[in-house]
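Data block below; observations after.
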Amino acid sequence: MTRIAAIGAGSWGTALANMLAVKGDPVIMWAYEAEVVEQINRRHCNETFLPDAPLHPGLTATGSLAQALDGAEVVISAAPSHAVRRVMKEAAPALEPAALVLSASKGLEADGLKRMTQVLAEVLPPRTAIVALSGPTFAREVYQQQPTACAVAGDDDATGRGQDAMSTPFFRVYRNDDPIGVELGGALKNVIAIAAGILEGLGLGNNPRAALITRGLAEITRLGVAMGARPQTFAGLAGIGDLVLTATGPLSRNRSLGEALGRGESLAEIQAKRVSVAEGVGTARAAVALGDKLGVELPIAREVSRVLFEGKPARQAIGELMGRPPTAEVRT
């Protein structure tokens with residue numbers, strides 16, 4: 001058995017923690033919200049972030065980072081991307097020296113434009129083993145033990161440890177040595193998923209959705225390669241796999257946010273009704289900034305950002321995407 005600490009009790013952190021508790025590992029979850037700690041310890045549920053999902057009785061929770069990390073061999077960093085730096089900096093003094101930290105947050109830091117493993121490397125003790133976990137994984141379906149595959153990326157030794165720790169009979173983990181590509185695929189697909197939801201909210205059909213996913217993948221790959229990722233990574237689980245799931249699946253928070261935008265709701269109105277974070281909102285702005293910094297053209301992400309933050313009408317954004325000057329599909 002491996003002692004696990006899950007830092008972050010949103011739907012994804014809860015699903016992973018419960019999966020490992022079912023596997024037989026001792027798991028303790030840190031939650032920011034006192035009511036979530038109470039729900040997990042007293043009623044074995046997390047009605048706030050993963051409702052109607054009874055949790056394994058061996059899964060416990062605490063509001064103390066030091067208590068959660070005491071003796072933990074594997075630490076799952078699952079806070080929302082905007083909170084990872086703050087939470088894990090506070091957690092750092094209690095981290096066991098030999099612990100493996102597994103980043104499960106899918107996003108980019110808005111201010112520093114950093115990937116989550118870069119953030120962790122800055123706030124955790126030197127030589128901490130850090131890997132990234134990403135792929136087509138809806139929290140609800142992982143909780144339901146539906147067959148799922150994902151990728152874990154980092155250096156060889158840490159990646160092997162992450163694969164062993166996270167593998168279960170229904171959760172298949174593949175090793176990958178391209179953490180840049182794995183993390184960017186997991187973050188940027190949320191932006192394309194918002195765009196896919198906008199199409200749905202406008203009542204558009206299959207042709208535009210297929211075009212969006214295909215050109216969205218090209219956009220993600222362009223930025224990834226400019227940042228040092230391998231193009232092959234985006235043909236894998238953390239690339240096209242996660243993109244297809246999030247852009248088409250009804251459980252996607254980013255897609256449903258896009259649907260509301262397409263129906264005419266503002267970002268403020270949508271967020272006022274939500275508890276969970278749609279990571280694509282902050283990532284859209286960060287992606288555009290990264291594209292500008294690196295000289296990479298990201299037309300879809302730019303239009304999504306304009307719809308989100310500038311109030312641009314969704315139909316106008318689509319019209320301008322379609323009206324761009326003709327170009328080659330594959331650029332050399």
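Restricting the range 251-293 to residues that are without any contact (Cβ under 8 Å) to a residue 40 or more places away in the chain and not in a loop (DSSP other than H, G, I, E, B), which is surrounded by the fewest Cβ atoms within 10 Å (Cβ to Cβ)? In this case the residue turns out to be Ala268. Only one entry in Gly205, Gly201, Gly216, Gly185 is in the same structural domain as Ala289 (by TED's automatic domain parsing), over 21 Å from Thr137 (Cα atoms) and either at pLDDT below 95 or buried (at least 23 other Cβ atoms within 10 Å of the Cβ) (or both), namely Gly205.
Filter the range 84-112 down to the residues that are in contact (Cβ under 8 Å) with a residue 40 or more places away in the chain and over 26 Å from Asp25 (Cα atoms) and list them by number. Within the range 84-112, Gly107, Leu108, Glu109, Ala110 meet the criteria. Does any residue of the range 29-42 turn out to be modelled with pLDDT of 95 or more, farther than 26 Å from Ala92 by Cβ, touching a Leu at 6+ places or on another chain (Cβ under 7 Å) and surrounded by fewer than 21 Cβ atoms within 10 Å (Cβ to Cβ)? There is no residue in the range 29-42 that is modelled with pLDDT of 95 or more, farther than 26 Å from Ala92 by Cβ, touching a Leu at 6+ places or on another chain (Cβ under 7 Å) and surrounded by fewer than 21 Cβ atoms within 10 Å (Cβ to Cβ).
Kindly provide the set of residues from the range 1-47 that are part of a strand (DSSP E or B) and either polar (S, T, N, Q) or farther than 23 Å from Arg253 by Cβ (or both), ordered by number. Quick ask: steps written out before the conclusion?
So in the range 1-47, the residues part of a strand (DSSP E or B) come out as 4-7, 27-30, 46.
Passing the criteria: Ile4, Ala5, Val27, Ile28, Asn46.
Just to be sure before I move on: is Gly228 in contact (Cβ under 8 Å) with a residue 40 or more places away in the chain and either in a helix (DSSP H, G or I) or not assigned by TED's automatic domain parsing to the domain that holds Lys293 (or both) in the structure I sent? It is false that Gly228 is in contact (Cβ under 8 Å) with a residue 40 or more places away in the chain and either in a helix (DSSP H, G or I) or not assigned by TED's automatic domain parsing to the domain that holds Lys293 (or both). Scanning the range 155-187 for residues that are within 30 Å of Val296 (Cα to Cα), touching a residue at least 60 places away in the same chain (Cβ under 8 Å) and in contact with a Lys or Arg (Cβ under 9 Å, 6 or more places away or on another chain) gives Pro179, Ile180, Glu183, Leu184, Gly186, Ala187.
Comparison of Val296, Val330 shows that the only residue that is among the aliphatic types (A, V, I, L, M) and either surrounded by 13 or more Cβ atoms within 10 Å (Cβ to Cβ) or in a helix (DSSP H, G or I) (or both) is Val296.
The values are calculated or read from the model by the stated rules, or taken from the named source; none is laboratory data. Everything numeric in this text was worked out from a predicted model, so none of it was measured. Neighbour counts run over all protein chains shown; Cβ positions are idealised from the backbone, glycine included.
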